[in-house]
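Peer 1: Got a structure here, written out as structure tokens. Questions coming.
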Amino acid sequence: GLGFNIVGGTDQQYIANDNSIYVSWIKKDGAAYLDGRLQEGDKILAINGKELKDLRHRDAVELFRNAGCYVSLKIQRRLQPQNGPVGYQGDGESGGLPLAAILVPGLALAATAVWILLRYRQRM
């Protein structure tokens, strides 16, 4: 997966009267964690250009599962003011490297390590 969980949707509102999709948890050492741009509490506005408006939770999850190797997220950063309600900043496109730039080399390295281990065991 992409290394994070989401909450929200029309059927499972995370914030009252808000059908938006939010990042609830980022897996340590997962793709999103290694990329470093996504944060817990961020509102996800779109994935690969598809807006996440008025979707049921399971439909949003399905969009993430079928996102492919190159994933572009449009997010709204959660602000944490000292006093007052939680707010949001901007609705910018995530920039920098796509998650696949981290996933593909990592998977290739893992596959190579497994192959070397299996070859080593065969020789013993």
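The values are calculated or read from the model by the stated rules, or taken from the named source; none is laboratory data. The structure displayed is predicted, hence computed values, not measured ones. Positions of Cβ are backbone-derived with ideal geometry, glycine not excepted, and every protein chain shown enters the neighbour counts. Areas reflect the complete protein model, heavy atoms only, side chains present, ligands, DNA and RNA absent. Shrake-Rupley method; radii C 1.70, N 1.55, O 1.52, S 1.80 Å.
Peer 1: Sequence gap at least 6, Cα distance under 8 Å: using those rules, report the relative contact order of segment 4-76 to the nearest whole percent.
Peer 2: Details: 129 pairs, mean separation 22.6, N = 73.
Answer for segment 4-76 is 31 percent.
Peer 1: All other residues with a Cβ under 11 Å from the Cβ of residue 58 taken together, and with Lys, Arg as +1 and Asp, Glu as -1, what is their net charge?
Peer 2: Numbers: positive: 56, 65; negative: 11, 59, 62.
Around residue 58, the charge tally is -1.
Peer 1: What distance in nm lies between label points placed 7 Å from Cα along the C-beta direction at residue 110 and residue 72?
Peer 2: 2.7 nm
Peer 1: Whole-Hz ³J(HN,Hα) for each residue in segment 68-76, computed from phi via Karplus 6.51 cos²θ - 1.76 cosθ + 1.60 with θ = phi - 60°, x for glycine and proline: what do you get?
Peer 2: After applying 6.51 cos²θ - 1.76 cosθ + 1.60, I find x, 7, 9, 10, 10, 10, 9, 10, 10 Hz.
Peer 1: Looking only at Cα atoms, what is the convex hull volume of segment 4-76 per residue, in Å³? Kindly include the intermediate steps, with their values, before the conclusion.
Peer 2: On the way: hull volume 5.8 nm³, N = 73.
For segment 4-76, the hull spanned by Cα atoms encloses 79 Å³ per residue.
Peer 1: Another question, then. Grab segment 4-76 and count how many Lys pairs have their alpha-carbon atoms under 16 Å apart, sequence gap of 8 or more, or different chains.
Peer 2: On the way: 43/53; 43/74; 50/74; 53/74.
Lysine pair count for segment 4-76: 4.
Peer 1: Then there is this: Quantify, in whole percent, the carbon and sulfur part of the accessible surface of segment 4-76 (1.4 Å probe; protein heavy atoms only).
Peer 2: On the way: 1870 of 4210 Å².
Carbon with sulfur: 44 percent of the solvent-accessible area.
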